[in-house]
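The values are calculated or read from the model by the stated rules, or taken from the named source; none is laboratory data. Note that the coordinates shown come from a computational prediction; the quantities given were computed from them, not determined experimentally. Neighbour counts are summed over all protein chains in view; Cβ atoms, including those assigned to glycine, are modelled from backbone coordinates with ideal geometry.
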Amino acid sequence: MSKSNTPQQPAPETVLVTGGAGFIGTHLVDALIDRGEHVTVIDNGSTSNTQYLHPDATLINQDICNPDIHDLINDLNPKSIYHLAAQTSVAISAREPLTDVNINVNGTLNLLEPIRHLHHRPRFILFSTGGAIYGDLDPSALPASESIAAKPLSPYGASKLAMENYLRVYGHLYDLNYTIVRPANVYGPRQNPDGEAGVIAIFTQAMLEGRQITIFGDGNDQRDYIYLSDFIDGVLTLADSNLPGPYNIGTGYGVSVNEIHDVLSELIPTAKPAEHGPPRAGDIPKIWLDVTAAKNDLGWQAKTSFQDGIWKTVDWFRQATS
């Protein structure tokens, strides 16, 4: 029997993390390296802080929208890809929907195209959204399960849903091995306190510095907030499975902005009282996630209470600013 002359790529070794120099990304990279993985990070530096990136990770300064990503993916030939790089602000998406769709949808397709031509198909872990994708649900429909029809009300949620649908298409047409993570609102150490998203980090830093904070609307909006280490554990548990998802990775209960402010005020008694501003376009009043599927299918559930997670976060920010 004659052997094929078609060259084959070597067996993949590296794990690729897009957006790996960001808040969630640096923690994910830490966990992967702790497991003995060789990790390569692609990050354009727009919202990252490389001081927290593990020294054993290889950092490539590149944008996922750059056409050169095709050659890069082919050269890296990764065994798995954790796709975190994205435009993550609902407010920015409402102001600049074309920017949002270009990064989130076109950037994802720019990664998927070279992947389908690799001899070894990498496992593709997509970080979607567990809040904006469901839309404004009736309170009787909460917590939101993965079986609820997704009806996003912001360009951000719409772009994330499009990413999920493209991934399913690539799985069907090109035998892509994938899974979809629908995260709750992740918080904890290293989160950027200067952006438009991440209310806990924003409030914590401002209150520690004695600056005025603004609560948009009446403060009764509720979200599902999950502590960083619990979230990473859930992601790796899902990635180790052979299940496509989507899976909600959250706590299963909602916390209001007013509650966040009250808990932080107890831990930071020198903080100024909050002021209220108008609601932000695209924000959903109430959303928290049903995590029954993750518990039943993966044997996973969050372990850190909201109070403990806030305490750990405030402690980290105190040390970082001292």
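Can you find even one residue in region 80-95 that is crowded, with 17+ Cβ neighbours inside 10 Å, among the aromatic types (Phe, Trp, Tyr) and under 30 Å from residue 132 (Cα atoms)?
Yes, because at least one residue in region 80-95 is crowded, with 17+ Cβ neighbours inside 10 Å, among the aromatic types (Phe, Trp, Tyr) and under 30 Å from residue 132 (Cα atoms).
Output the number of the condition that residue 46 fails; it satisfies all remaining conditions of (1) assigned to a loop (DSSP other than H, G, I, E, B); (2) of a type in the set (Ser, Thr, Tyr); (3) crowded, with 17+ Cβ neighbours inside 10 Å.
(3)
Give all pairs with beta carbons closer than 6 Å in which a residue from region 29-41 that is touching a residue at least 12 places away in the same chain (Cβ under 8 Å) meets a residue that is of a type in the set (Gly, Ala, Ser); count only pairs at least 6 apart in sequence or on separate chains.
29/20; 29/57; 39/57; 41/20; 41/21; 41/57
Identify, please: which residue in region 279-322 is over 29 Å from residue 243 (Cα atoms) and acidic (Asp, Glu) and is, among those, surrounded by the most Cβ atoms within 10 Å (Cβ to Cβ)?
283
Quick one: in region 49-69, of everything that is outside any loop (DSSP other than H, G, I, E, B) and without any contact (Cβ under 8 Å) to a residue 60 or more places away in the chain, which residue is surrounded by the most Cβ atoms within 10 Å (Cβ to Cβ)? Spell out how you get there, then give the answer.
Residues of region 49-69 that are outside any loop (DSSP other than H, G, I, E, B), as a first pass: 50-52, 58-61, 69.
Filter again for without any contact (Cβ under 8 Å) to a residue 60 or more places away in the chain, leaving 50-51, 58-61, 69.
On the way: 50: 15, 51: 8, 58: 14, 59: 18, 60: 15, 61: 12, 69: 20.
Ranking the qualifying residues of region 49-69, first place goes to 69.
The conditions are (1) closer than 20 Å to residue 255 by Cα; (2) in contact with a Gly (Cβ under 9 Å, 6 or more places away or on another chain); (3) crowded, with 20+ Cβ neighbours inside 10 Å; (4) not small (Gly, Ala, Ser), and residue 178 fails exactly one of them. Which is it?
(1)
Looking at (1) modelled with pLDDT of 95 or more; (2) part of a loop (DSSP other than H, G, I, E, B); (3) under 20 Å from residue 123 (Cα atoms), which is the only condition residue 32 fails?
In the conditions (1) modelled with pLDDT of 95 or more; (2) part of a loop (DSSP other than H, G, I, E, B); (3) under 20 Å from residue 123 (Cα atoms), residue 32 misses (2) alone.
Of the numbered conditions (1) modelled with pLDDT of 95 or more; (2) of a type in the set (Gly, Ala, Ser); (3) in contact with a Ser or Thr (Cβ under 8 Å, 6 or more places away or on another chain), residue 171 fails exactly one; give the number of that condition.
(3)
So if I check each of 110, 102, which one is over 26 Å from residue 230 (Cα atoms) and buried (at least 18 other Cβ atoms within 10 Å of the Cβ)? If you could, list the steps in order and put the result at the bottom.
On the way: 102 fails: buried (at least 18 other Cβ atoms within 10 Å of the Cβ).
110 is the lone residue from the list that is over 26 Å from residue 230 (Cα atoms) and buried (at least 18 other Cβ atoms within 10 Å of the Cβ).
Conditions: (1) assigned by TED's automatic domain parsing to the domain that holds residue 133; (2) not in a loop (DSSP other than H, G, I, E, B). Residue 242 meets all but one. Number of the miss?
(2)
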